[in-house]
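Here is the structure we will look at, set down as structure tokens.
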Amino acid sequence: MTNVPSSFPVPAKLLFWAVAPTSLLLGLAAWSVSPPFQDALVRFTNSMLTSFTLFSLMLLLTLLVYGDRRKRPVAPFFGMVLSVAAGSALTYFFLSQGDLLMEDNGSVRAQALSNIIRFATTLVAMLVSVMVVAGSLFSSLMSAPPAPVVFEEE
């Protein structure tokens, strides 16, 4: 038999199969919604600010624990100052761009709380789905009959 090389290398095929379904779904969404992606920038900005705020808090706590473990609590102070400055600048930039309030929220604080609640709900749903998948995998592995132990004679 002769080895016939494929017309596309494997990474190109993987890239195609990773991009094609997403492109198809984005195309269908753009086609089905009358003004394409209405309020998409506002939703993206809200999500970005919320995730930045939540993960900045987690990183600040990590820096505090790191400094406490090394018996030098002032060591990560520079990182904390930079993180707070970047967060403040990012928040000011996005809030000055226009109206970021959605779902009839009356203030930026209400919008942020709404975003955090959505994020927490999504996180809980993902954790529950991971637990269901892990439980079903465990039960399918444990429900199989044990394989008989066969000793071959020499």
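Observations, loosely collected:
- Cα gyration tensor shape of the range 106-154, rounded if a/c is under 1.5, else prolate or oblate by comparing a/b with b/c: prolate
- Note, ³J(HN,Hα) from phi for the range 46-54, Karplus 6.51, -1.76, 1.60, rounded to Hz, x at Gly and Pro: 4, 5, 5, 5, 5, 5, 4, 5, 5
- By average C-beta atoms within 10 angstrom, highest first, the peptides 139-149, 16-26, 78-88: 78-88, 16-26, 139-149
- Shown is the FRET efficiency for L137 and L28, computed with R0 = 30 Å from the Cβ-Cβ distance and rounded to the nearest 0.05: 0.40.
- Cβ-Cβ distance of L82 and R109, R₀ of 25 Å, FRET efficiency by 1/(1 + (r/R0)^6): the value works out to about 0.50.
No value in this document is a laboratory result; all are computed from the given coordinates. Please read all numbers here as calculations on a predicted model, not as lab measurements. Reconstructed Cβ throughout: ideal geometry from the backbone, glycine too, with neighbour counts over all protein chains shown.
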